[in-house]
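Input: a single structure, listed below in structure tokens.
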Amino acid sequence: MTALRAVLALAMVSVAVVLQVSLFPHFAWEGVVPNLALLVVVAAALTRGPEFAAVLGFAAGLFVDLAPPADHIAGRWALALVVVGYVAGRIRSDISTDTGAGGRPGATAVVIAVAASSFIGTSVFALSGLLLDDVGASVGQMLQVILIAVVWDVLLTPLVLPLVMAVFGRLWPPQRVAVA
Amino acid sequence: MGLRRSGLDRERRDGVRRPRLSVLAALLLACAVLMALDYRGGQSSPVEPARRVMGEALGPVESATASGVRPFAGLSELFRSRDSLRDEVDRLEQENADLRSKVAASGFDRSRLEQLEGLTRAATTWGYALAPARVIALGPSQSFKRTVTIDAGTDAGVRPDQTVLCSDGLVGRVIRATRTTATVLLILDGESVVGGRIGVSRELGFLRGRGEVGEAGRLDLELVDHAVTPSEGDAVVSWGSEGGAPYVERIPIGRVTEVYSSPRETAKRAVIEPYVDFSALDVVGVVVPDDTEGDRSLVRADGGVR
């Protein structure tokens with residue numbers, strides 16, 4: 001059962017990555033597309049907490065790093081999404097303290113979590129590129145891309161997050177996750 | 001996962017489990033190791049086999065997804081700015097709703113046919129055998145790389161370091177190929193350098209991408225001979241690498257739009273607008289040896305299809 005859940009989670013991540021490179025370029029804005037893999041990781045963090053999300057973030061990052069046509073140094077998106085998973089998970093724990101034990105985050109909280117995660121994720125990726133001399137764009141372009149990415153991810157949140165969070169909620173029923 | 005049960009005793013009062021530092025440390029270390037391996041490895045990186053496996057597995061999926069959504073979206077709309085999209089909407093709204101659907105369907109086929117005809121023309125004009133392919137995936141701007149995946153791989157005779165072009169001019173070069181797909185580095189990429197010859201003077205220079213696509217996609221040209229001043233409107237063609245890899249010669253790249261000279265730099269710098277509309281990249285051709293046997297018909301240099 002645990003293995004099956006892991007496979008399902010990975011399947012969701014791979015669907016997200018394929019849609020990101022094959023479908024979303026049709027809607028790209030200055031070449032920036034919604035970061036679906038990141039949204040899946042944030043959804044995992046909001047339903048399952050930081051540890052699970054960090055592990056899933058690592059797997060999702062590997063997919064983004066290795067799936068064609070990626071050509072940057074492998075491990076950069078993995079690092080970015082591990083950080084995203086952890087941070088989004090911590091945001092969830094802050095929300096839960098506010099709304100009561102194991103409470104599901106409200107809409108505003110989800111949007112804030114997505115915006116923060118998107119900003120952190122793309123920034124960590126860009127910074128790792130600067131450190132590894134694997135840049136490909138000027139700092140000005142990077143800032144522009146980071147901001148457009150935040151807008152995209154927030155726009156996609158109402159369409160993607162409730163669905164993915166519901167799937168994670170089904171796979172891991174909440175009473176077994178949050179014992180209060 | 002198994003992590004859950006052992007973590008139950010770590011539940012905090014508020015019902016949220018604190019992440020174990022060991023797991024986080026292991027993940028971060030794994031990322032660091034991966035980056036170090038890939039960074040040191042370069043072309044023979046130990047990550048390369050993993051990339052190939054991933055490409056073999058996901059390539060067909062990307063191909064299927066792309067052909068599934070193409071009739072609805074049309075790759076010509078890639079990277080379009082909001083303004084041009086708005087114009088497009090205005091134009092479309094003037095059309096009769098009934099006619100519109102018909103036009104959309106047949107226009108899609110017609111534009112594809114035109115692109116294939118263009119490719120045949122390109123093969124005869126420039127004298128190279130081409131393996132036709134279509135763009136099936138684009139790297140997001142968030143990765144700061146200008147790469148695309150095409151649906152021709154080693155089965156079609158495509159190998160790394162082959163030139164990719166379309167009917168308008170030079171597109172890029174193949175950097176990696178799996179059985180059914182290949183990854184192409186566009187000349188717009190920030191790390192792409194192409195040798196070029198400029199205008200009637202035939203002077204040599206190097207074209208570097210700026211890492212931008214769409215309307216703003218430009219290349220910077222630096223001339224080898226500092227005494228030469230390019231003039232606006234001059235055409236730039238590829239210089240050609242030794243043995244035709246990664247770039248074959250005499251492929252049009254773009255035209256000079258601006259010329260800069262600063263007292264600080266001795267060399268003149270020119271800005272090149274590429275002929276290829278990278279925002280509408282769809283049918284491309286990979287320059288392959290004339291005798292290539294593959295899973296598809298080649299467009300031959302004499303215009304024939306085999």
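Please treat every number below as a calculation from the coordinates, not as lab data. All values derive from a computational prediction rather than experimental measurement. Cβ sites come from the backbone with ideal geometry, for glycine too, and all protein chains shown count toward neighbours.
Here are the numbers:
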item: Most mobile of A:Leu127, A:Leu36, A:Leu81 in a GNM of chain A (Cα contacts under 10 Å); result: A:Leu127
item: Cα-based Kirkwood hydrodynamic radius, segment B:193-280, one decimal, Å; result: 13.1 Å
item: Net charge of Cβ neighbours under 15 Å - reference A:Leu131; Lys, Arg +1; Asp, Glu -1; result: -1
item: Segment A:2-174 - convex hull of the alpha-carbon atoms, volume per residue in Å³; result: 105 Å³
item: Residue-averaged 222 nm ellipticity for chain A, from DSSP H runs of 4+ at -39500 (n - 2.57), nearest 500; result: -26500 deg cm²/dmol
item: Segment B:117-137-segment B:233-306 distance, computed between alpha-carbon centres (Å); result: 12 Å
item: Relative contact order (%) - criterion: Cα under 8 Å, at least six apart; region: chain A; result: 25 percent
item: Extent along principal axes [Cα atoms of segment B:148-306; Å; largest to smallest]; result: 54, 28, 22
item: Long-range amide H partners of B:Arg179 with built H, under 5 Å; result: B:Thr154
item: Distant-in-sequence amide H partners of B:Gly190 (H built 1.01 Å from N, under 5 Å); result: B:Arg146, B:Gly211
item: Net charge of neighbours whose Cβ lies under 10 Å from the Cβ of B:Ala137, counting Lys and Arg as +1 and Asp and Glu as -1; result: -2
item: Ordering of B:194-200, B:44-50, B:140-146, B:293-299 by packing [mean C-beta count within 10 Å, highest first]; result: B:140-146, B:194-200, B:293-299, B:44-50
item: Shielding score for B:56-62, defined as the mean number of other chain Cβ atoms within 10 Å; result: 4
item: Label-point separation in nm, B:Val53 to B:Glu191, each point 7 Å along Cα→Cβ; result: 2.3 nm
item: Rough spin-label spacing in nm, given labels placed 7 Å along Cα→Cβ, for B:Val200 and B:Gln43; result: 4.0 nm
